[in-house]
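The values are calculated or read from the model by the stated rules, or taken from the named source; none is laboratory data. Treat the numbers as computed from the prediction; the structure is a model and nothing was measured. Every residue, glycine among them, receives a Cβ derived from its backbone with ideal geometry; neighbour counts consider all protein chains shown. Side chains are part of the model used for accessible areas, which takes the heavy atoms of the whole protein and leaves out ligands, DNA and RNA. Shrake-Rupley method; radii C 1.70, N 1.55, O 1.52, S 1.80 Å.
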Amino acid sequence: MGAPRGLAWILFANLAIAIDYSMIMPTGWQYVDSLGGSKLFYGATIAAFPIGRIVFMMPIGAWSDKRGFFAPFRTANAIGLLGGLVYGLASVLGSKWFAMLGRFLGGCGATLPLSAWAARSFPPEKRVQIESLQKAAQLVGVALGPALNALFFKLDLQLGFLQLNPLTCAGYFPAFMSLLMLVGFMLGVEEPPAAEAPLVSGGRQEPLRRLSTSGAWCLIFNAFHANVQLAAIDTILAPLAAQHLGWNLLQNSALFAVLAGVSFVGAVVGIIANKRGVKALLIVKLGLLLNIVSSTLVSASLWRAPAIVDMTFVMSAAIFGTWAMLLYTGANGGLYQQALGNSQGFLGALYTMAFAGGRPVGAFLGGSLLDK
C-alpha cells in the first residue's frame, strides 16, 4: 500500500507555519512602537511565538500518538487562526499586550505533528528525503515571510472596525493561511493506516537510549543553535537597516526576499546533493564549517569597529550564513529521523521543540542587542 494522501499539504503547513513566525520581522518593530512598546518588548513579542510552540508541542505530539492526527491538526489550526486575528486586532484594541498574546497563540497553533505524520506514512528509506523537504520548507518560509510584506506595502483600508495595512496584515495573512490549512487538512490529508504506524520497539526507554547512543543529541543541538542564529538575524536586520541605511518597509521586504531566494537555493542544493549520493553527515559538516567561517568574520569585523556598522558586509555575511544553514538543516533533520527509526509524535516533538526553542533565545538576544 502506498503512502497516504497529503504530503503536499504537510509541506504547505511547514511553509505556512514558518511564514507565520517570520512575517512580522519588517513591520513588527513599527507595530509594537505604535502601541507603546520598547525594542526589548519587540524582541519579547517575537519570542512569544516560539514560546507558545514549545509549551504546546509535546502535549499535541502525545495527543497524536493516542488519538491520531485529525483532531490535533484541526485544533492547532483553529488556535493559529485565532492568534493571527488577535495580533491584527491589537491596533483596534489599543494594547501592545494583545500583539504579544496574538503571537503566543500563533505559536500554540504552530504545533501540528507534521514530522510524526510523515514518519508513519513513509518507509525508513524515504524519511531522510521527506524530512529534508519539510525542514527546507520551514526555513524557506522563515526567509519568505518578511518578503511577503511587499504585497501590502500600499494597503491602507478601513473595513468597519478592521484596519488593513502592512502592520496588521502580518497577523491577518497568517490567519488566512491557517483557515486554508484547516480546509486542506479536512479534504486533502489522510490518516496513516494503523499498520504503517508502529510503535518504537524496545519499550518506552528505547528512544532515549538511541538518542544518547546514536549521537542524535548532537543533531538536536545543531537544530537549536541554527535557529538561535536565524532568529537573531531576522530580529536585527530590519531595525539596523532602517537605522543605518534609512530603509523603509519595501526595501526591508526586498532584503528578506533575497534571503528567501538564497534559502531556497541552499535547500535545493542540500536535497540534490543527498539524492546524488552525498552522505547527509558530510552535508551537515560542510554547512557547519561555512557557517562558522561567516560568523567568525562578522564577529571579528564588529569587534574591531563596534561604533561603525558596515551594513553591506553584515548583510552579505547574514545571507551567506543563511545559505549555509539551509544547506545542512534538511540533512540534519533527516539524519535524526534515520537515527531514531519509527518516530512517534512525542519523539518528533522533541526535535521540533529544539528546532523551535532556538527562536525565542535568538529573538531575545537580537532584541537585547538592539536596546544597547
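Heavy-atom accessible area for Val55, with the other protein chains in place and a 1.4 Å probe, reaches approximately 80 Å². P(r) for the stretch 27-93, from all Cα pairs and a bin width of 5 Å, is 3, 15, 20, 20, 15, 11, 9, 6, 2 %, short bins first.
What the Cα atoms of the stretch 1-59 give is an Rg and a Dmax of 16.1, 57 Å. Excluding same-chain neighbours fewer than eight residues apart, the lysines reachable from Lys96 by a Cα-Cα span under 20 Å are Lys39.
For every other residue with a beta carbon closer than 10 angstrom to the beta carbon of Pro113, add +1 if it is Lys or Arg and -1 if Asp or Glu, then tell me the sum.
Working: positive: Arg120; negative: Asp65.
Result for the local shell: 0.
The convex hull drawn around the Cα atoms of the stretch 136-185, when projected onto a plane and averaged over every direction, covers 4.3 nm².
Averaging Cα coordinates gives a centre for the stretch 212-270 and one for the stretch 1-61; these two points are 14 Å apart. For Lys126, the lysines whose Cα comes closer than 17 Å to its Cα, not counting residues fewer than 8 places off in the same chain, are Lys135, Lys275, Lys279.
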